[in-house]
Structures are given as C-alpha cells and as structure tokens.
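Asker: One structure, pasted below without further comment.
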C-alpha cells in the first residue's frame with residue numbers, strides 16, 4: 001500500500017489515510033529514517049473503535065511535502081524504536097498519553113510526566129568505584145527553565161548524560177482538543193514563548209488548510225518578515241549567551257543589547273516584542289505601511305553594523321575559537337539516526353531546512369533559499385550556522401522591506417469566522433529559529449479538533465545534547481547546552 | 001627619610017582597608033570594555049556591610065569544617081599579609097625564608113576552604129575542590145620558579161632581602177629576567193585568584209566553576225569573610241608583583257609606598273583588561289599554561305645567571 005501524499009499546509013480526508021500492515025509500515029519507516037532527504041515528522045495514536053491507529057507523518061524534502069501512513073494496533077504492540085531511533089520519544093509519548101504499550105522499547109521512561117521515584121531509581125547507573133553521579137536541576141542557578149540532568153562521570157569526564165524533562169507540562173495538546181476557539185491562538189503563542197511567531201504561523205497555515213482559506217502572497221511575506229525577525233533576535237541572543245558562557249564579555253554584553261533592538265523592531269512591526277497576537281488564521285492583525293517599513297529597514301541596517309562588529313570580535317578571537325572547536329561534537333550519522341532538525345542538525349552536516357525543503361513561496365522573490373550547513377558538528381559549527389543564517393535573514397528582510405516601502409502590505413483578516421472541514425487531517429511545517437515546527441490536526445465530524453499534535457524541534461533534538469556530552473568534559477556542558485539552546489516548555493507542552 | 005616602621009605599618013593598614021577596592025576596579029574596567037556602566041566601584045564594601053548584618057545558615061548534614069573554614073582561612077591570609085614588605089619596607093616579622101612561609105600560608109587557607117567544601121557533601125563543591133587542588137598543585141611549580149628567581153637575586157628565599165639590595169640600575173641591567181619573572185608571576189596571579197582565562201568569577205554555572213563552586217554553601221558573615229579574603233589575596237599577589245617590577249631604589253620612602261599602592265591598583269586595571277579581551281580556557285589547557293609559567297620563571301633565572309652576571 002502506498003502512503004498518502006499531502007502538501008505542506010494542505011488538508012485531506014481522514015478516511016483517505018491508508019492503513020497498512022505492520023511489516024510494511026515498519027519497512028517504510030525504516031527506509032525513511034535512513035534517507036537524508038526524508039524524515040519522520042510526527043508519530044501519534046488515534047483511538048479507533050476498540051483499537052488504535054498509529055499514524056506516521058513523514059517529510060519528503062524536495063517532494064510535494066508529507067507522506068502519511070497508518071497501522072492498526074491493539075493496546076500492546078511491538079515497539080518500533082528498537083530499529084528506528086528517531087521514534088523513541090514518539091513511542092514514549094504515545095505510551096504516556098494513550099496508554100499503549102510498545103513492547104521491547106529500549107527506554108520506556110516518561111516524557112512529560114515526572115518520574116515517580118525521586119531518589120534516582122530508574123535512572124541509568126554505572127557501577128564502579130570511580131563512577132559518580134552529578135545531578136543538576138530541575139532548579140538551576142539562573143533564571144532558566146526547569147529540567148533535570150544526570151551525568152554519569154568518571155572524574156571530569158562524562159560517560160553519559162540522561163535528561164529528564166516534563167516540569168513545564170501544562171497539558172496544552174489536551175486543551176487544544178475541541179478547538180479552535182478564542183483560547184487556541186493564545187495557547188499556541190505560549191506553547192513556546194521564544195517561538196511564538198513560528199508556532200502561530202504553523203497553526204494559522206493549518207487552519208487555513210482545513211478551512212480552505214487562501215491568503216494573499218503579501219500577507220505570507222509579512223509573516224515571513226516577522227518570522228525572520230524572531231530568528232535574528234534569538235540567534236543573536238544565543239551567540240551572546242555563548243560568549244557569556246566562555247567569559248568573553250564584550251560580545252556577551254553587545255549581543256544582549258542588540259537582541260533588544262530586534263525585539264523592538266518586532267514591536268514596531270506588530271506592537272509586541274515577541275510578535276504575539278499578530279499572526280491570525282486567515283491573515284495578520286496589522287498591515288505594513290511604507291513609513292513603518294522604511295523605519296524598520298533603516299533601523300535594521302544601522303543595527304546590522306553593530307552586530308557585525310560584535311560578532312567579528314567573537315569569531316576572530318583565537319581564545320574563543322579554541323574554546324568552541326571540537327567541543328560537544330555530534331557526528332552526521334548520529335544526527336541522522338536521531339532524526340535531528342534545525343540549526344543543530346545543519347551544524348552536523350544534515351541539510352534540513354523547512355524553508356528550502358518545501359519550496360516556500362514567500363522567500364523566493366527576495367532571496368534565493370539557502371540551506372546553511374557546517375561539517376564538524378561541534379559548538380563552533382552550531383555557532384557558525386547561526387552566524388550564516390543571520391546573513392540570509394538580513395538579506396531577505398532587506399529585500400522584503402524595501403519592497404514593502406514601494407508597495408505597502410494591507411492587513412488581511414478573516415472576520416467571517418473560520419470553519420475547518422470535518423473529518424479531515426492537515427499538516428503544516430514552519431522553520432522556526434530552533435528548527436521545524438510540525439503541526440498535525442485531525443478534525444471530528446463537526447470540524448473541531450479531535451487530535452492536535454505539535455512537534456516542537458526541541459522534541460526531536462534533546463537527545464542530541466545527550467550524545468554531544470558523551471566523552472566530553474563535564475565543565476563543557478553549559479556551552480554545549482547553550483549551543484543547542486533547546487526549549488523546555490516547547491518539549492513539555 | 002621617614003621611619004620605615006611607620007611606612008610599613010601605614011601601608012599594611014591601607015592594604016587591609018583598600019583590598020575590597022580591587023574587585024571593584026576589575027569590574028569597572030570589564031564594564032568599560034563591554035560598553036556598560038558596571039557596578040559601583042565600592043560595591044564590595046556595600047556587599048560586605050550587608051553580609052555582616054545577616055546571619056549564617058548551615059546545612060544540617062555538614063560537619064564542623066564548613067563553619068570553621070572561613071575564619072581560619074582569613075586568619076591564614078592575614079598572617080601571610082604580615083610577612084609582606086608593605087610599602088617596600090621589610091616586614092618586622094620577616095626572615096630569610098619568609099616567601100616560602102607566605103605561599104604556604106596561602107596554601108593553608110586554600111586547604112581549609114577545600115575541607116569546608118568537601119564537608120558539604122555536594123557534588124558541585126566536591127568537583128570544585130578537586131579542580132582547585134589540581135590547579136593549585138600545578139601553580140605551585142610556577143610560584144617556586146619565582147621564589148627561586150628571588151633567591152638567585154638576593155641569595156635568600158625571602159622577601160626580606162629585596163629592598164635592602166637597592167641600587168638604581170635594576171631595570172637597565174636586569175630588565176629581561178625581571179620581565180620574565182613578572183610575566184610568570186602574573187600568570188600565577190590570574191590563576192590563583194580565579195580570574196579569566198583560568199576561572200570565571202562571574203559565572204553562575206556550577207559545572208564550570210572552580211573556586212566559586214567551593215563557596216556555594218556560604219552566606220552572611222561567612223561569605224563576607226570569604227569575599228574579603230579573596231580581595232586581600234588578590235591585593236597580596238599584586239604586591240608581590242610590584243616587588244618584582246618596581247625599582248628598588250625607592251624602597252623605604254613614602255614614594256615607594258605610593259608607587260606600590262598605585263601599582264597594585266594598576267594591576268587590577270590590567271587584570272580587568274586581560275579578562276575583557278579573552279575567553280576562558282577549557283580545563284585541559286589550564287595545566288599547560290601553569291607549567292608554561294614555570295618554564296618562563298626558569299627562563300628568567302637562566303637569563304639572570306647566564307647573561308646578567310651571576311649571583312651577587
């Protein structure tokens with residue numbers, strides 16, 4: 001049986017999603033996970049009479065978008081993670097959420113719920129006189145999100161790192177069921193506050209697909225402008241934080257200030273520094289007139305000069321390069337194996353970027369799409385991917401804003417209400433600054449969400465951090481962690 | 001000519017009073033390089049005043065060392081301070097091998113701090129203690145390289161003989177060897193006082209800390225003692241550095257005292273500038289730098305003996 005093809009931001013009828021045999025399904029998924037241009041985007045369970053349907057959404061870069069396939073299982077089924085590592089977290093989520101038991105799962109630990117034992121039973125443990133545990137968190141020194149990290153160390157060397165999250169679990173996916181309603185957009189924008197624009201865009205595209213709303217090209221461009229501003233602000237913040245962690249003070253301070261400038265530009269664009277309440281299903285809350293486009297454009301060019309200076313200082317400093325090079329390496333094989341996405345995957349040489357892979361029309365007129373990759377997969381590579389993406393984002397914004405000065409963009413809003421189609425499924429992907437956000441929605445017979453799954457890039461990337469630390473000095477954990485800068489709340493939802 | 005004892009005593013008291021100014025200067029310089037305004041120059045004085053008004057809280061699982069460590073450690077530092085030739089005047093307590101005693105009193109202060117850290121049973125403090133011991137053991141080599149240099153100059157492993165050895169031609173004759181010794185000692189100063197690139201006094205990341213990790217459990221007056229001790233230690237290292245670089249012809253005068261004080265404050269400015277211009281080393285590189293400092297100190301001795309005319 002062939003999987004169903006569906007474009008990015010398109011909808012299809014749920015009953016058209018094919019059901020195949022377990023052996024076929026398994027072979028199909030294995031083939032996907034072994035191909036660079038393809039990857040598993042989402043994997044979830046849908047109740048189906050007494051049984052369940054396991055639905056897999058695969059991405060096909062360069063193809064038309066997504067491929068969907070499903071299989072019927074009972075409450076206990078043979079785990080797929082044993083041979084397909086990228087599925088391990090999805091299977092744990094299904095076990096936790098729907099109560100299915102993946103038999104033979106190599107690491108069936110909770111994902112978003114806390115472990116019942118608090119004294120560390122259930123964590124991987126090595127034996128030996130020289131081995132010691134270092135437990136960090138969930139409460140950290142500094143105002144950051146909670147997560148528990150457990151290192152198995154021999155002296156200063158880390159043998160393994162186990163990451164236990166779930167402290168930020170708010171039950172967002174459960175709250176989304178029965179929507180969309182007036183709360184939905186707010187839930188989206190706060191699912192991961194640092195990626196509000198990316199998540200809201202993914203949601204808006206999904207609703208537009210389900211409701212058959214066509215959005216004008218200028219509105220799509222306006223959303224992309226907001227998205228790139230979000231990317232720049234966060235990349236700048238990350239590079240500054242990395243400088244802070246290696247105690248390279250000038251860049252740390254400058255980037256902190258410059259990040260604020262980009263957030264203020266976002267506020268100039270839409271009234272909120274984090275782009276909240278700007279992107280609506282069916283359009284955007286505000287347009288962009290020539291005066292504001294011109295103001296942001298000048299501002300952008302002015303700040304870019306400061307940014308270039310601060311980053312040149314950082315990337316030209318031998319002590320900084322020495323510190324970042326060969327730290328926290330993740331090989332290309334490992335990144336592929338784990339199904340990693342975003343800048344972290346690109347730093348390991350895996351060319352995955354939803355902006356390029358799905359032929360996004362909004363970038364095409366302004367800047368040639370460019371999937372930035374590095375070879376080494378170390379902290380320096382992850383920093384350099386960000387540096388080079390900043391260039392691309394500025395190029396795009398420069399062209400898009402200059403065009404907006406010539407031809408102002410009107411606000412487009414769908415005031416008549418949105419009416420998602422019944423019994424349908426839709427998938428959308430947006431490349432946020434951490435990687436691709438995948439949203440999948442399944443509607444019931446009245447057009448409300450029956451199942452809504454958000455796959456944050458962090459969900460697919462946290463394991464990479466664990467692998468980066470293997471054999472690494474424990475004192476390098478903070479800069480490794482910062483070089484990924486994954487989301488806790490986006491993971492925990 | 002002023003009474004040397006008066007100079008020594010006033011200089012000693014000034015050292016005790018002005019020591020908390022050094023971290024303030026370092027932070028101001030760092031803020032300048034980072035384009036920020038930075039904390040108040042006298043911030044540490046305010047912090048000390050605040051901490052002394054609080055009361056200490058100790059973990060119930062820790063033993064006695066945790067509480068004993070701060071006062072004992074500060075006591076060792078004060079004792080060491082008595083041995084220094086303040087204002088380039090030999091200390092009334094000085095003797096032939098006082099440099100050795102000086103550095104071992106500092107070592108004693110460290111030892112008791114490490115015991116206090118291990119006493120908490122925290123894995124962070126244990127890691128910090130282990131790193132502190134490892135790096136200080138290596139720094140000791142460089143320190144003794146410098147003491148050896150002093151011994152070659154003066155014939156004794158002590159601070160006592162330095163000022164007595166006057167003469168205006170130090171810098172014209174011995175510039176190379178003095179510079180080498182001073183450079184080696186500056187590296188030790190940075191390492192022993194937990195400055196970037198060896199340690200990062202600003203970090204909040206427990207896993208990367210060295211010295212800071214050991215004092216995580218302290219608060220209130222005990223933390224005040226530790227912070228004051230740290231600033232005094234930086235002051236004393238800067239003074240030893242001044243002894244190496246200042247022309248000894250001015251010793252025993254008010255000018256000598258003024259130059260020492262000014263030099264110490266200037267050292268803080270240099271420390272701040274160095275900290276602002278480089279990233280922190282990874283741990284594996286720290287031992288290399290410290291052994292490198294030893295090599296530089298030995299090179300200084302070599303130059304002194306071979307090119308600058310033997311032992312006097």
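Asker: Taking into account only those residues within segment A:134-154 that are surrounded by fewer than 18 Cβ atoms within 10 Å (Cβ to Cβ) and in contact with a helix residue (DSSP H, G or I) (Cβ under 8 Å, 6 or more places away or on another chain), which is modelled with the highest pLDDT?
Answerer: By that ranking, first place goes to A:145.
Asker: Surrounded by 15 or more Cβ atoms within 10 Å (Cβ to Cβ) and either within 25 Å of the chain's Cα centre (by Cα) or in contact (Cβ under 8 Å) with a residue 12 or more places away in the chain (or both), is that true of residue A:60? Walk me through it before giving the result.
Answerer: Values: surrounded by 15 or more Cβ atoms within 10 Å (Cβ to Cβ): yes; either within 25 Å of the chain's Cα centre (by Cα) or in contact (Cβ under 8 Å) with a residue 12 or more places away in the chain (or both): yes.
The answer is yes for residue A:60.
Asker: Here's a follow-up. Which residues, counting only those in segment A:111-133, are crowded, with 16+ Cβ neighbours inside 10 Å and modelled with pLDDT of 85 or more?
Answerer: Scanning segment A:111-133 gives A:111, A:112.
Asker: I'd like the full set of residues that are in a loop (DSSP other than H, G, I, E, B), touching a residue at least 24 places away in the same chain (Cβ under 8 Å) and under 30 Å from residue B:32 (Cβ atoms), limited to segment A:240-290.
Answerer: Answer for segment A:240-290, where residues must be in a loop (DSSP other than H, G, I, E, B), touching a residue at least 24 places away in the same chain (Cβ under 8 Å) and under 30 Å from residue B:32 (Cβ atoms): A:246, A:248.
Asker: While we're here: Quick check on this structure: which one of A:290, A:243 is at negative phi, surrounded by fewer than 20 Cβ atoms within 10 Å (Cβ to Cβ) and out of contact with any strand residue (DSSP E or B) (no Cβ under 9 Å at 6 or more places or on another chain)?
Answerer: Of the residues listed, the single one that is at negative phi, surrounded by fewer than 20 Cβ atoms within 10 Å (Cβ to Cβ) and out of contact with any strand residue (DSSP E or B) (no Cβ under 9 Å at 6 or more places or on another chain) is A:290.
Asker: Are any residues in segment A:173-222 in a loop (DSSP other than H, G, I, E, B) and farther than 18 Å from residue A:266 by Cα, and if so, which ones?
Answerer: Restricting attention to segment A:173-222, the residues satisfying the condition of being in a loop (DSSP other than H, G, I, E, B) are A:177-183, A:192, A:212-216.
The answer is A:177, A:178, A:179, A:180, A:181, A:182, A:183, A:212, A:213, A:214, A:215, A:216.
Asker: When only residues in segment A:441-486 that are closer than 19 Å to residue A:88 by Cβ and not in a helix (DSSP H, G or I) count, which is farthest from the other protein chains (Cβ to nearest Cβ)?
Answerer: A:453
Asker: How about segment A:32-54: which of its residues are surrounded by fewer than 22 Cβ atoms within 10 Å (Cβ to Cβ) and either out of contact with any strand residue (DSSP E or B) (no Cβ under 7 Å at 6 or more places or on another chain) or not in a strand (DSSP E or B) (or both)?
Answerer: Within segment A:32-54, A:33, A:34, A:35, A:36, A:37, A:47, A:49, A:50 qualify.
Asker: Within segment A:55-63, is there a residue that is touching a helix residue (DSSP H, G or I) at 6+ places or on another chain (Cβ under 7 Å), in a strand (DSSP E or B) and farther than 21 Å from residue A:461 by Cβ?
Answerer: No, every residue in segment A:55-63 fails to be touching a helix residue (DSSP H, G or I) at 6+ places or on another chain (Cβ under 7 Å), in a strand (DSSP E or B) and farther than 21 Å from residue A:461 by Cβ.
Asker: Does at least one position in segment A:293-306 carry a residue that is within 15 Å of residue A:254 (Cα to Cα), within 14 Å of chain B (Cβ to nearest Cβ) and touching a helix residue (DSSP H, G or I) at 6+ places or on another chain (Cβ under 8 Å)?
Answerer: Scanning segment A:293-306 turns up at least one residue that is within 15 Å of residue A:254 (Cα to Cα), within 14 Å of chain B (Cβ to nearest Cβ) and touching a helix residue (DSSP H, G or I) at 6+ places or on another chain (Cβ under 8 Å).
Asker: Then there is this: Just for helices (runs of 4 or more DSSP H) wholly inside segment B:203-311: which have at least 2 residues that are under 30 Å from residue B:60 (Cβ atoms) and within 14 Å of another protein chain (Cβ to nearest Cβ)?
Answerer: Where helices (runs of 4 or more DSSP H) fall fully within segment B:203-311 and carry at least 2 residues being under 30 Å from residue B:60 (Cβ atoms) and within 14 Å of another protein chain (Cβ to nearest Cβ), they are B:211-214.
Asker: From the list B:191, B:181, pick out the single residue that is within 21 Å of residue B:256 (Cα to Cα), at pLDDT 85 or above and surrounded by 20 or more Cβ atoms within 10 Å (Cβ to Cβ).
Answerer: Step by step, each of B:191, B:181 is checked, and only B:181 is within 21 Å of residue B:256 (Cα to Cα), at pLDDT 85 or above and surrounded by 20 or more Cβ atoms within 10 Å (Cβ to Cβ).
Asker: Restricting segment A:311-341 to residues that are within 27 Å of the chain's Cα centre (by Cα) and closer than 30 Å to residue A:269 by Cβ, which is farthest from the other protein chains (Cβ to nearest Cβ)?
Answerer: A:341
Asker: If you don't mind, there's one more thing I want to ask. Quickly run through segment A:376-395 and pick out the residues that are surrounded by fewer than 22 Cβ atoms within 10 Å (Cβ to Cβ) and without any contact (Cβ under 8 Å) to a residue 40 or more places away in the chain.
Answerer: A:388, A:391, A:392, A:395
Asker: Can you confirm whether residue B:54 is within 14 Å of chain A (Cβ to nearest Cβ) and either within 22 Å of residue B:253 (Cα to Cα) or touching a residue at least 60 places away in the same chain (Cβ under 8 Å) (or both)?
Answerer: When the stated conditions are applied, residue B:54 does not pass them.
Asker: Just for segment B:107-127: of the residues that are at pLDDT below 90 and more than 13 Å from residue B:65 (Cβ to Cβ), which one is nearest to the other protein chains (Cβ to nearest Cβ)?
Answerer: Top of the filtered list is B:123.
The values are calculated or read from the model by the stated rules, or taken from the named source; none is laboratory data. In this text, all values refer to a predicted model and were calculated from it rather than measured experimentally. Backbone-built Cβ (ideal geometry, glycine too); neighbour counts: all protein chains shown.
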